[in-house]
1. Using a basic spin-label model with each label point 7 Å from the Cα along Cα→Cβ, how many nm lie between ALA266 and ASP13?
2. Can you tell me the Rg and the Dmax, both Å, for the Cα atoms in the stretch 258-336?
3. Kindly state, as a whole number, the per residue volume in cubic angstrom of the convex hull around the alpha carbon atoms of the stretch 222-299.
4. Above 12 angstrom, tally the Cα pairs of the stretch 405-445 and express them as a % of all pairs, no decimals.
5. Of the peptides 95-101, 452-458, how do they stack up when ordered by the mean number of other Cβ atoms within 10 Å, highest first?
6. Within straight cross-link reach of LYS447, meaning Cα distance under 19 Å, which lysines are found once same-chain residues fewer than 8 apart are removed?
7. Which percent of Cα-Cα pairs in the stretch 317-382 sits in each 10 Å bin, short to long?
8. For the ranges 292-298, 432-438, 311-317, what's the packing order if you count other beta-carbon atoms within 10 Å of each residue, average per peptide, and put the highest first?
Amino acid sequence: MENQDLKKLGIEDIQQILESGEFDSLIGTQEDDTLECKAEPYQLDGSHAKLELAKDVSALANARGGIILIGVRTERDPSHPAGDQVTEIRPFVDALVNPDQCCDILKKWIYPPLQGPAIRWHGSRKEAEKGIVSIHVPEQPKSNWPFLITRVPDEHGKNRGIVFGYTERRQSVAEPASLEVLHSLIRDGARFDTLNQKIVALQDAVNTIALKEQAATSVPREELDLRVGLTLSELELGSTSPTYILAAAPMETIQLPTLFDSREAAIVKLMENPPEIRDAGFSIHIGDSARIIAGERRRVLRKKERVLNCWRDGTAVYACDGDYIFWGEFQFHNRIINQLCLIETIYLFTTFTMQLYEDATPKPKKIAYRLEIRNMTRDGINPGLIPGPLLKRMWTSDSVRATSGSKVITVEHSIENSAAGEIAFKLVSEFYAWMGLDADKIPYKEKAGPNWVISPEEMRRMYPA
């Protein structure tokens, strides 16, 4: 390597160079405990590369912050053994680094969450449409230390059990700490004012990570998306057909222990005969047997019409032909949603899940509910909705129109001391807001204490059998 003049740059100096686009000014800079350089972008398609990103970032967070430059090559200079030096700038197009993906990985792989990390692409003055990327890690509050890596992949790239890693930037190297070092940190109370603070902070961090690992079987959004997709594929309506979907997933680890016990189990009977409000009313009833599928779920299915899936971990997905929620020939062709059908089925689904989780071990405390419509636009007409209750004579002049034919609404709700009507009202009110209607336009509701709830009694009163 050609010998370069040794120089050190502070974070502000580096940021000024990045803003200027004159990256050659970095050449000769020595890596230290605040500067890490990478010649090539992280290849984030595998667990080991994600670990490398988390390791480098958490190491800076566990020191005093710093910056990672991507697209900057370094080499070891024997005359300066303290750290590598920048020898070459390797700019690249910005499409090679996705800041949102990097941030998502950092959120999932580092605990506690970092405050204020910034990932930016900086254009080069020398090479048009190329640049380098910086990951700036501000100095973190000591009360949040240590920052731990929550996942440690094995040699096959799979994440192991309740395992965590700890790294700290020392001069120019991100060094992992051994079990002995972590033990000594606890023993000596290093980096905290008192031994008690140190023990409590590390114990809380480890316990939180253990709980996260134990909760790995709870359903993240990506997994719920896959399960909704699986459910729709079984319905066999086609990817462009109108579809109406209701789903629920516990936000902590639970089990439905009797799901596969017997066809006489209460949970199976519930799936085959879900709650109803009115005789001949709108319902989520399928009309078939609840069969075990692949040892992971039970399913009630009538192809081309409707389906209900329940997984052992408490996820429930109901889907049906989306035209079901439109009312009457006139309203059907003008894409006017039947508000009674919409609200009644939402209430029935929340009632179903509340009864479903009575069988859970342990009983969940918080549920993520999803209301979704897909492909509801026909002949260029988006779905409409009329304020107030369903009347015998409905006019499209009273309706409002959605801005599209597809929408996903998610509501997270604590089900402790909650009624199904309260959860249903939250889902309905979010749907009405999307349609451009205030919550006071929602029919079939009543006050229960300080909260509005969907009222089955109102539906029975207005539409008796």
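1. For ALA266 paired with ASP13, the spin-label model returns 7.1 nm.
2. Cα only, the stretch 258-336: 14.8, 47 Å (Rg, Dmax).
3. Once divided by residue count, the hull of the stretch 222-299 is 137 Å³.
4. Pairs farther apart than 12 Å: 60 percent.
5. Final packing ranking: 452-458, 95-101.
6. Qualifying lysines at Cα under 19 Å: LYS426.
7. Here the calculated profile for the stretch 317-382 is 17, 43, 24, 13, 4.
8. So the order, starting with the most tightly packed, is 311-317, 432-438, 292-298.
Only the coordinates and a few stated rules stand behind these numbers; no lab work does. These figures come from a predicted structure and were not determined experimentally. Virtual Cβ from ideal backbone geometry, glycine too; neighbours counted across all protein chains shown.
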